[in-house]
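Asker: The structure that follows is given in the form of structure tokens.
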Amino acid sequence: MNGSPSTLTDLAASGEPFALIARDGATVEVLRGDVVDVDLLGDIPLHDADGTPREVLALVPFRQVVERGFVCHDDAAPLRCLRITEHGSVPLADALRELPSDRIPLGDAGFDISDDEYADIVRRVIADEIGRGEGANFVIRRDFTATVDSDPVTAGLTWFRALLQHERGAYWTFLVVTDGHVAVGASPEAHVSAHSGPPAEPGTSIVTMNPISGTFRHPRGGATAETLTEFLSSTKETEELFMVVDEELKMMSAVCSDGGRITGPHLKEMSRLTHTEYMLRGSSTMDPRDILRETMFAPTVTGSPMQNACTVIARHERSPRGYYSGVAALFTPTVDGGHDLDAPILIRTAYLVDGRLRVPVGATLVRHSDPAGEVGETHGKAAGVLGAIGAVDRDDAPTPGAVDEDAPAESPRPRLGDDPTIAELLASRNARLAQFWLDPQAAEGGPFAGRDVLVVDAEDRFTTMLGHQLHHLGFRVDIRTWSEVTDAAVDEAGFVVFGPGPGDPRDGASARIARMRDLVARRADAGRPLLAVCLSHQILADRVGLDLAPLASPHQGLQKRVDVFGVPSSIGFYNTFTARVPAGTQHFGATEVAADAASGDVYALRGPGYASVQGHLESILSRDGLPTLERLIGFALEPVQR
């Protein structure tokens, strides 16, 4: 594509589907092709009938979570694929000169639910979901809507130009136009990418995820190191980021043989908002469509644990999500016949269908959440999109030098992440984290080399991280969900780890918890070695006769330094319920108890052939997780020698 001034005008007038993507800061990529809607991710047409690799841009709606067996308000939003026949580029300055710039008027603008109603939803989620152990955090959205009388393609092009000119720090700035549907946005977050690995490892991809969390709304006049310091010192914002890193490490551990390694944290600085972020990297041999399926969708826009987050979203959101929190996935052929994947999250995006503008925004609700603060966060995010596209007044300046390449360059705004105080605050966060996930890990060996372990997943994919740690310790790991585990499998396994999961351990009406009770009891009664984690620890504690009770305040994403059988350990906790003993209790029959000296909350148990732990030793918050895991497994496997 020659990038002449008539290019984009002709494209818009053609009536054909197209996409514009800006991701390198210098050009606008122009994609043309034909559209096909498919049912499943595996149906994305990456090859022609003769086997020739095809480049495809897919809009993946939130409803695709049904592929993983999760629930949603199903609006039948199509998995829409633009099969690309032409991929060119236009210099950014040329695109800005050609694209329309007249403001697009909005009518009947406002949120679909009131501030008071949204605040009530926040309170209910904290009390009824986080407070009942259904998860650590949940993202509940609301939509800013308006009517638009202008031509939809012209509106999309106008807003795309405004984003190019006024937004900064976006991972992708994009416009996708298909029949009856316009999506335009500036996503700050690359959900997942997969690019060909080194030539020495054919068929291997380097997978990257980019968890972003914590939102600082810039004050009028812009952010400064002083105003940002308070945000970075916030316990809520820090723990919110750690929780989403944990959730995305679950996904990385499911698709990457090396489990994933974290780097950061960094600042994601945009025009009106600043976020904190980490980068996760690992290697995988999976098909990119399978990588996409296993990582549906980002916890930053859903919550954790993922499966239960979808259930909570369905309970508290009043309408389907459409493409909000899905991804735009670009599959690009590689020289070896495979495909690279680049998939940003569909957030900070405006949708225009049948003359109706919709800008979905959400807030991450955690145990510390203040309803008024979360209402304010949705306003800030909506204003960020609307201001960037020029739909509402903005007080920021255009990106320096963007409008005219020949104009004198203005001094770039200094990056706050380069400020020594800010850099020190960010770096200090890693002192709390498990070195296991920060360092490269040995692929083989370990104290339990050659042993087999069955890991029972109770609907929390922390088991994938746990499985990776078990592999690091030498185990051959088999992870199965609670519903597919047979009695025979539990009987025959050399070692069994019963995993964590959401919910009340006392809830006998839950088929999942009832089955976990049966499996734990079966293994314990047979005297065969086991380790129980979090929910399963509570079930085992109940089995040996300890009381179970809700905590006064949920420990979701909380790091505590506790005594685990004489060894002080920094452990991450994600629990709403606890086993409890009278203060000072160290033994309960044949079971040795590690508990809080004042409250009696039980942190760990060990007895003949079994051990359990309330915390998540696999979490990034468990700085002493791996050695504690090794000690507990050693006890369970060789109790007679202790």
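The values are calculated or read from the model by the stated rules, or taken from the named source; none is laboratory data. Keep in mind it's a predicted model, so treat the numbers as computed, not measured. Every residue, glycine among them, receives a Cβ derived from its backbone with ideal geometry; neighbour counts consider all protein chains shown.
Asker: Say whether the condition of being over 23 Å from Arg68 (Cβ atoms) and in a loop (DSSP other than H, G, I, E, B) is met by at least one residue in the stretch 450-468.
Answerer: Scanning the stretch 450-468 turns up at least one residue that is over 23 Å from Arg68 (Cβ atoms) and in a loop (DSSP other than H, G, I, E, B).
Asker: Another question, if that's okay. I'd like to verify a number: residues in the stretch 176-215 that are surrounded by fewer than 24 Cβ atoms within 10 Å (Cβ to Cβ) and over 30 Å from Ala254 (Cβ atoms), how many?
Answerer: Going through the stretch 176-215 one residue at a time, the tally reaches 5.
Asker: Between Val71, Val66, Val28, Val36, which is at negative phi and free of Cβ contacts under 8 Å to residues at least 12 places away in the same chain?
Answerer: Val66
Asker: Give all pairs with beta carbons closer than 6 Å in which a residue from the stretch 213-233 that is more than 20 Å from Thr300 (Cα to Cα) meets a residue that is part of a loop (DSSP other than H, G, I, E, B) and not charged (D, E, K, R); count only pairs at least 6 apart in sequence or on separate chains.
Answerer: Partner pairs satisfying both residue conditions: Thr227/Pro219.
Asker: Right, Arg142: in contact with a Ser or Thr (Cβ under 7 Å, 6 or more places away or on another chain), at pLDDT 95 or above and buried (at least 23 other Cβ atoms within 10 Å of the Cβ) or not?
Answerer: Criteria met by Arg142.
Asker: Sticking with this structure for a sec: From the list Gly545, Gly584, Gly572, which one is modelled with pLDDT under 95 and not assigned by TED's automatic domain parsing to the domain that holds Met306?
Answerer: So the residue among Gly545, Gly584, Gly572 that is modelled with pLDDT under 95 and not assigned by TED's automatic domain parsing to the domain that holds Met306 is Gly584.
Asker: Is it the case that Ser253 is small (Gly, Ala, Ser) and part of a helix (DSSP H, G or I)?
Answerer: yes
Asker: If you don't mind, another one. Out of the residues in the stretch 296-340 that are part of a strand (DSSP E or B) and out of contact with any His (no Cβ under 8 Å at 6 or more places or on another chain), which is nearest to Val385 (Cα to Cα)?
Answerer: Going through the qualifying residues, I end up with Ala328.
Asker: Among the residues of the stretch 468-480, is any in contact with a Gly (Cβ under 7 Å, 6 or more places away or on another chain), surrounded by fewer than 16 Cβ atoms within 10 Å (Cβ to Cβ) and of a type in the set (A, V, I, L, M, F, W, C)?
Answerer: No, every residue in the stretch 468-480 fails to be in contact with a Gly (Cβ under 7 Å, 6 or more places away or on another chain), surrounded by fewer than 16 Cβ atoms within 10 Å (Cβ to Cβ) and of a type in the set (A, V, I, L, M, F, W, C).
Asker: Next up: If the requirement is being surrounded by 24 or more Cβ atoms within 10 Å (Cβ to Cβ), at pLDDT 95 or above and of a type in the set (A, V, I, L, M, F, W, C), which of these qualifies: Ala611, Ala594?
Answerer: Of the residues listed, the single one that is surrounded by 24 or more Cβ atoms within 10 Å (Cβ to Cβ), at pLDDT 95 or above and of a type in the set (A, V, I, L, M, F, W, C) is Ala611.
Asker: Check whether at least one residue in the stretch 369-391 is part of a strand (DSSP E or B) and either hydroxyl-bearing (Ser, Thr, Tyr) or surrounded by fewer than 24 Cβ atoms within 10 Å (Cβ to Cβ) (or both), and report yes or no.
Answerer: No, there is no match, as no residue in the stretch 369-391 is part of a strand (DSSP E or B) and either hydroxyl-bearing (Ser, Thr, Tyr) or surrounded by fewer than 24 Cβ atoms within 10 Å (Cβ to Cβ) (or both).
Asker: Next up: Counting just the residues of the stretch 36-61 that are among the hydrophobic types (A, V, I, L, M, F, W, C) and buried (at least 17 other Cβ atoms within 10 Å of the Cβ), which one comes out farthest from Pro17 (Cα to Cα)?
Answerer: Step by step, filter the stretch 36-61, then rank; the result is Leu41.
Asker: Can you name the residue in the stretch 416-441 that is loosely packed, with under 13 Cβ neighbours inside 10 Å and either in a loop (DSSP other than H, G, I, E, B) or in contact with a Cys (Cβ under 6 Å, 6 or more places away or on another chain) (or both) and, of all such residues, is modelled with the lowest pLDDT?
Answerer: Per the criteria, the residue is Pro440.
Asker: Provide a single number: the residues in the stretch 204-250 that are under 27 Å from Arg461 (Cβ atoms), touching an Asp or Glu at 6+ places or on another chain (Cβ under 6 Å) and hydrophobic (A, V, I, L, M, F, W, C).
Answerer: Within the stretch 204-250, residues that are under 27 Å from Arg461 (Cβ atoms), touching an Asp or Glu at 6+ places or on another chain (Cβ under 6 Å) and hydrophobic (A, V, I, L, M, F, W, C) number 2.
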